[in-house]
1. Would you say residue 184 is modelled with pLDDT of 95 or more and either within 16 Å of the ligand (Cβ to nearest atom) or among the aromatic types (Phe, Trp, Tyr) (or both)?
2. Given the criterion under 14 Å from the mean Cα position of the chain (by Cα), within 30 Å of residue 141 (Cβ to Cβ) and assigned by TED's automatic domain parsing to the domain that holds residue 141, identify the matching residue among 203, 168.
3. Please go through the stretch 20-49 and give me each residue that is surrounded by 22 or more Cβ atoms within 10 Å (Cβ to Cβ), closer than 17 Å to residue 245 by Cα and not β-branched (Val, Ile, Thr), ordered by number.
4. Which condition does residue 74 not pass, out of (1) touching a helix residue (DSSP H, G or I) at 6+ places or on another chain (Cβ under 7 Å); (2) crowded, with 18+ Cβ neighbours inside 10 Å; (3) farther than 19 Å from residue 37 by Cβ; (4) in the same structural domain as residue 201 (by TED's automatic domain parsing), if it passes all the others?
5. So, in the stretch 201-223, how many residues would count as being within 15 Å of the ligand (Cβ to nearest atom) and either assigned to a helix (DSSP H, G or I) or more than 16 Å from residue 8 (Cα to Cα) (or both)?
6. I'm checking my understanding of the structure. Among residues of the stretch 11-50 that are more than 30 Å from residue 136 (Cβ to Cβ) and touching a strand residue (DSSP E or B) at 6+ places or on another chain (Cβ under 6 Å), which one is farthest from the ligand (Cβ to nearest atom)?
7. Which of (1) at pLDDT 95 or above; (2) within 19 Å of residue 221 (Cβ to Cβ) does residue 71 not meet, given it meets every other one?
8. From the list 83, 57, which one is surrounded by 17 or more Cβ atoms within 10 Å (Cβ to Cβ) and modelled with pLDDT of 95 or more?
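The values are calculated or read from the model by the stated rules, or taken from the named source; none is laboratory data. Here the structure is a predicted model, which means the values were calculated and not measured. Every residue, glycine as well, gets a Cβ built from its backbone with ideal geometry; the counts of neighbours run over all protein chains shown.
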Amino acid sequence: MNDPRPLQELALPPDSDWALFLDFDGTLVNLVDHPENVEVLPKLPEVLSHISDRLRGALAIVTGREIRDIDRHLAPTCLPVAGIHGLTRRTADGHILEPNGRTDFLDDVKAGLAPLLKQHKGLHLEMKSHSLALHYRGNPNLEQLCIDAISNGTRHLENVELLRGKMVIEAKLGGYNKGIAVSDYLKESPFRGRLPVYAGDDVTDEDAFEVVNRNSGHSIKVGAGSTKANFRIQNTDEFIQWLNRLAVSI
Ligand SMILES: [Mg+2]
């Protein structure tokens, strides 16, 4: 693990062409009890749109959410998005890429979790197109119960991975992560040949930090916690302020 430098030490305006990758929850919006209740600052879509224009389209959101969910929250701005931790991906020219793997396991896992959800308050099961996420932010004491239940429900399944995040555990098809999504973008126009810069707040962003570090880019951890990132900024609000400064400097 690194000892990240304060993000304020990264010079603005950038002296090279950036390809900018941004996580959403905990990076562009503060974390809340229920994913539906996040609040996007009114100016954020416009700021992102402006930065994207200045980077000639080389700005992508890399998130655990569905692509359509990001579109709804950032409307009218529409950006390239890697959704569900890279399982789905919209390229800069608008193509949507989705995995071929079976997702019928999701219904079985959901059925297996039903007794737990019935028994306890404060849990939220989020069904996505290629994964399911069990959120326990509403009752953090249930962490181990949630881990055990979802582990038991997926143990017999091939090519299904568990992914731990902040107050959430997710079951998804294996073979995809945020780092692979960033690598794939970097092979495509307009990201190709640019210096990758990635900001994220969670353990699921560490795969992307590794890819960015390998490409001599800038990796930015938002908030506390051990990380492979090169830079750190204290919280979402400060990161948004930094984005505002970036928008006026490029
Ligand atoms: Mg996040």
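1. On the way: modelled with pLDDT of 95 or more: yes; either within 16 Å of the ligand (Cβ to nearest atom) or among the aromatic types (Phe, Trp, Tyr) (or both): no.
Criteria not met by residue 184.
2. Values: 203 fails: assigned by TED's automatic domain parsing to the domain that holds residue 141.
One residue alone meets the criteria, 168.
3. 20, 21, 22, 28
4. (3)
5. First pass over the stretch 201-223, keeping only residues within 15 Å of the ligand (Cβ to nearest atom): 201-209, 219-223.
With either assigned to a helix (DSSP H, G or I) or more than 16 Å from residue 8 (Cα to Cα) (or both) added as a condition, the list becomes 201-209.
The qualifying residues number 9.
6. 16
7. (2)
8. After ruling out the rest, the residue left standing is 83.
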